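Read-outs: derived from the displayed coordinates by stated rules, not from any lab. No experiment lies behind these values; they were computed from the predicted model shown. Note: ideal-geometry Cβ built from the backbone for every residue, glycine included; neighbour counts use all protein chains shown.
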Amino acid sequence: MFKLKTLLPASLLLVLPQFANAAANLESSDFVGISFWLISMALVASTAFFFLETQRVSAKWKTSLTVSGLVTLVAAVHYFYMRDVWIATGDTPTVYRYIDWLITVPLLMVEFYIILRAVGNASGGIFWRLMIGSLVMLVAGYMGEAGYINAWAGFIVGLAGWAYILYEVFAGEAGKMASDKAPASVQQAFSTMRWIVTIGWAIYPLGYFFGYLTGGASMESLNVIYNLADVLNKIAFGVIIWNVATTESKA
Ligand SMILES: *C/C=C(C)/C=C/C=C(C)/C=C/C1=C(C)CCCC1(C)C
């Protein structure tokens, strides 16, 4: 019988060479392209790490780590494509970013719910409110950016969806449950996670504002900033969950 431990790294090794060709076109002076490359590799490595670490934590924390690994896996594959679009056209791969967000943002939101469920009886309402907030935020943003609706209207409705998420994790049922029922290490992690969702996530609407609404930002800076934001919001976010999962598994 093959074990997960051997199967996962093996499958990643099989997948990787497929994407390696594109590197031939990467110019050594193309720092945005290089940042796409670096971050795709960091995402692949994080995926292997999170999946392997599921073996080390107690049963109720496994799902959290699996979800962290799914977030970085989905993002890694999008980064391979986005890197190619950038190298071929020098353009912002907006559609790929939104497809990536549409999958990874709900998964990141699920993390809040799963963590609360690991420490108590989290209601389904928490889950649904976080999902609805995410969908409103992303669908409105996409419709605004793709020109289906007025760009400002998309921005404002998108901001409202994000505000709804923030309300839920700070002051709503999720926030209250974390401060009333969770052990100290979980409270700490929950608190760091929601600050990431506040400050780290603010980078994307700022990109919409400066890159699209007012047109003040260059394609280069916009993409480098989005790429760095993803390191914080996807990899560092996962590491925080890994930290609380391993700490609580020992306790
Ligand atoms: C890994 C990717 C993440 C965490 C992406 C997050 C994206 C956002 C927080 C996007 C937010 C937006 C608004 C708040 C207003 C409308 C425009 C968006 C979609 C860029």
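In debye, nearest 20: dipole of the range 2-250 around its Cα centre with unit charges on the Cβ of K, R (+) and D, E (-)?
So the magnitude is around 980 debye.
Which values, in whole Å and largest first, are the semi-axes of the equivalent ellipsoid of the range 102-213 obtained as the square root of 5 times each eigenvalue of the Cα gyration tensor?
29, 13, 10
Across the range 2-250, how many lysine pairs, 8 or more apart or on two chains, come within less than 28 Å at their alpha-carbon atoms?
Count of close lysine pairs: 21.
For every helix of n ≥ 4 consecutive DSSP H residues, a contribution of -39,500 (n - 2.57) applies; sum these over the chain, divide by its total residues, and give [θ] at 222 nm rounded to the nearest 500 deg cm²/dmol.
The per-residue figure over the chain is -26000 deg cm²/dmol.
From Cα pairs below 8 angstrom and at least 6 apart in sequence, can you work out the relative contact order of the chain, rounded to a whole percent?
Reported as a whole number, the value is 20 percent.
What value does the chain have for Rg/Rh, both radii from Cα atoms and Rh as Kirkwood defines it?
0.98
Would you work out the charge dipole size for the range 59-125 about its Cα centre, treating the Cβ of every Lys and Arg as +1 and the Cβ of every Asp and Glu as -1, and quote it to the nearest 20 debye?
Dipole of the range 59-125, to the nearest 20 debye: 320 debye.
Are there DSSP H segments in the chain that both extend 15 Å or more along their axis (alpha-carbon positions) and score a mean Kyte-Doolittle hydropathy of at least 0.0? List them, or say none.
Those that clear 15 Å and a mean of 0.0 are 4-20, 31-53, 59-89, 94-119, 124-145, 151-170, 219-230, 237-250.
For the chain, build the charge dipole from Cβ charges (+1 Lys, Arg; -1 Asp, Glu) around the Cα centre, then report which of 229, 123, 99 sits farthest towards its positive end.
123
Identify, among 151, 141, 49, the residue whose Cα sits farthest towards the positive end of the charge dipole of the range 2-250, taking +1 on the Cβ of Lys and Arg and -1 on the Cβ of Asp and Glu, with the dipole about the Cα centre.
Highest projection toward the positive end goes to 49.
Taking the chain as a Gaussian network, Cα atoms linked when under 10 Å apart, which of 195, 162, 61 shows the biggest mean-square fluctuation?
Most flexible of the set in this elastic network: 195.
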